[in-house]
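Notes follow the structure.
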Ligand SMILES: Cc1cc2nc3c(=O)[nH]c(=O)nc-3n(C[C@H](O)[C@H](O)[C@H](O)COP(=O)(O)OP(=O)(O)OC[C@H]3O[C@@H](n4cnc5c(N)ncnc54)[C@H](O)[C@@H]3O)c2cc1C
């Protein structure tokens, strides 16, 4: 059978791939999205969305749908996981919105994903094909040939691989081996806020809390208009190994008592709120925290990478999906600036995105070290961070107010409070 033609083909229907499809469709292009999962969807956990990404979602016309079920925390609090003492705070309400044009928002991943899927469908230009696992990508002059596990083939003029941190397509473009395993794992999921509060958890229903300790931290924030609380418990499997050492730092759904006990051991000795929270963390699955050092060359010929496939990062700045959304807009802008020249468009896209995503990748690593420091380092962290005012936004200006991503509306959105 002859392969099916596709002008633009996006491989991977995660937040990055879908945002790219939507952004390209907003430029009037037809896009085919191939997703390996049986359905388009996201894991049952929360997502922080900084104003840099809200700006892009606004530009894509999907922000009102995203904010419908979102939660707008009034501040981000850093607290000591053992003593419970506040370390520092970042105001994320009015002064923050004045500075960056948008409030900080937190949402359920499935809500954001659904909003983008619906927006893609509404364009009439995006075709979403689930159950299409890409097995092979063959770059060709003027395009690429893609083969799926079900035997179908697609011949495209432009391939955007948004196939995540373990990207198949990346191997064709950047020869930097497997992602770097940080040794940390994370458990994540949502629980009812009422249930958590009843059990002595979540003292900050109005904000986001990061409880930090040596080699471990717990993040908590409300999602779904404040009805659910997202929790992410992260720890260093090298500092807190399993009793047997088996499977200590891997992703998976394995439930041996050895592995379950590892999570509890990692948070032993923390304050009551953290202990309660960790007791209620979703244990059905855990993720190994991997990233890469920045490596250029993700755009070659008619192939490019986007999101985690291009610049996987540790989650400590809560920016992986935000950066993928920024990628999507810059990609579509570059395509529209180079009509009929996919190669130039993809090169321009990478040239714009590389410095910024590289900075976010490396800063996320550093921020991880700051979060997880113990001993005298933790005392110094508390002393240093304790001096800053909650509305001192200068340290995050580069991230939330990057000049490469100006507020397209040029003003403050009144409906995003
Ligand atoms: C614990 C944790 C917390 C995080 N918190 C935040 C946060 O608060 N804010 C934030 O911005 N980011 C956060 N991130 C990062 C964020 O989740 C990722 O950066 C983001 O999901 C990347 O999106 P993506 O579309 O590039 O990749 P993915 O979400 O990985 O999507 C890739 C898609 O491609 C599909 N796929 C893969 N291979 C193939 C194939 N061969 N054929 C077809 N389809 C394929 C997959 O099924 C998937 O749907 C967090 C990450 C972790 C681990």
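The values are calculated or read from the model by the stated rules, or taken from the named source; none is laboratory data. Remember, predicted model here, so these are calculated numbers, not experimental data. Ideal geometry is used to build each Cβ from the backbone, glycine not excepted, and the neighbour counts take in all protein chains shown.
This table checks each residue for (1) crowded, with 24+ Cβ neighbours inside 10 Å; (2) more than 13 Å from residue 46 (Cα to Cα); (3) touching a residue at least 60 places away in the same chain (Cβ under 8 Å); (4) within 16 Å of the ligand (Cβ to nearest atom).
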residue: 198; (1), (2), (3), (4): no, yes, no, no
residue: 210; (1), (2), (3), (4): no, yes, yes, yes
residue: 223; (1), (2), (3), (4): yes, no, yes, yes
residue: 229; (1), (2), (3), (4): yes, no, no, yes
residue: 236; (1), (2), (3), (4): no, yes, yes, yes
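Could you identify the single residue in 218, 263 that is assigned to a helix (DSSP H, G or I), in contact with a helix residue (DSSP H, G or I) (Cβ under 9 Å, 6 or more places away or on another chain) and surrounded by 18 or more Cβ atoms within 10 Å (Cβ to Cβ)? Step by step, each of 218, 263 is checked, and only 263 is assigned to a helix (DSSP H, G or I), in contact with a helix residue (DSSP H, G or I) (Cβ under 9 Å, 6 or more places away or on another chain) and surrounded by 18 or more Cβ atoms within 10 Å (Cβ to Cβ). Every condition in (1) over 20 Å from the mean Cα position of the chain (by Cα); (2) outside any loop (DSSP other than H, G, I, E, B); (3) away from the ligand (no atom under 16 Å from the Cβ) holds for residue 355 except the one numbered (1).
With respect to residue 363, is the statement that it is surrounded by 15 or more Cβ atoms within 10 Å (Cβ to Cβ) and either within 15 Å of the ligand (Cβ to nearest atom) or assigned to a helix (DSSP H, G or I) (or both) true? In short, yes. Listed by first and then second residue, the pairs linking a residue in the range 158-182 that is free of Cβ contacts under 8 Å to residues at least 24 places away in the same chain to a residue that is surrounded by 15 or more Cβ atoms within 10 Å (Cβ to Cβ), with Cβ atoms under 8 Å apart and 6 or more places separating them unless they lie on different chains, are 166/179.
Can we say residue 157 is more than 10 Å from the ligand (Cβ to nearest atom), under 26 Å from residue 365 (Cα atoms), modelled with pLDDT of 95 or more and not in a loop (DSSP other than H, G, I, E, B)? In short, no. Answer yes or no: is there a residue in the range 48-63 that is in a strand (DSSP E or B) and within 12 Å of the ligand (Cβ to nearest atom). Checking the range 48-63: at least one residue is in a strand (DSSP E or B) and within 12 Å of the ligand (Cβ to nearest atom).
In the range 125-154, of all residues being within 14 Å of the ligand (Cβ to nearest atom) and touching a helix residue (DSSP H, G or I) at 6+ places or on another chain (Cβ under 7 Å), the one that is farthest from residue 6 (Cα to Cα) corresponds to 137.
Selection within the range 168-205: residues that are assigned to a helix (DSSP H, G or I) and out of contact with any strand residue (DSSP E or B) (no Cβ under 7 Å at 6 or more places or on another chain). The member of this set that is nearest to residue 288 (Cα to Cα) is 171.
Check the range 269-290 and report whether any residue there is within 15 Å of the ligand (Cβ to nearest atom), surrounded by 18 or more Cβ atoms within 10 Å (Cβ to Cβ), more than 21 Å from residue 33 (Cα to Cα) and within 13 Å of the chain's Cα centre (by Cα). For the range 269-290, residues within 15 Å of the ligand (Cβ to nearest atom), surrounded by 18 or more Cβ atoms within 10 Å (Cβ to Cβ), more than 21 Å from residue 33 (Cα to Cα) and within 13 Å of the chain's Cα centre (by Cα): present.
Here is a yes/no grid of residues against (1) over 17 Å from the mean Cα position of the chain (by Cα); (2) within 22 Å of residue 401 (Cβ to Cβ); (3) crowded, with 24+ Cβ neighbours inside 10 Å:
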{"position": "38", "(1), (2), (3)": "yes, no, no"}
{"position": "42", "(1), (2), (3)": "no, no, no"}
{"position": "46", "(1), (2), (3)": "no, no, yes"}
{"position": "51", "(1), (2), (3)": "no, yes, yes"}
{"position": "56", "(1), (2), (3)": "no, yes, yes"}
{"position": "60", "(1), (2), (3)": "yes, yes, no"}
{"position": "69", "(1), (2), (3)": "yes, no, no"}
{"position": "72", "(1), (2), (3)": "yes, yes, no"}
{"position": "75", "(1), (2), (3)": "yes, yes, no"}
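The number of residues in the range 105-149 that are closer than 20 Å to residue 169 by Cβ and assigned to a strand (DSSP E or B) comes to 17. Looking across the range 73-97, just one residue is free of Cβ contacts under 8 Å to residues at least 60 places away in the same chain and touching a strand residue (DSSP E or B) at 6+ places or on another chain (Cβ under 6 Å), and that is 86.
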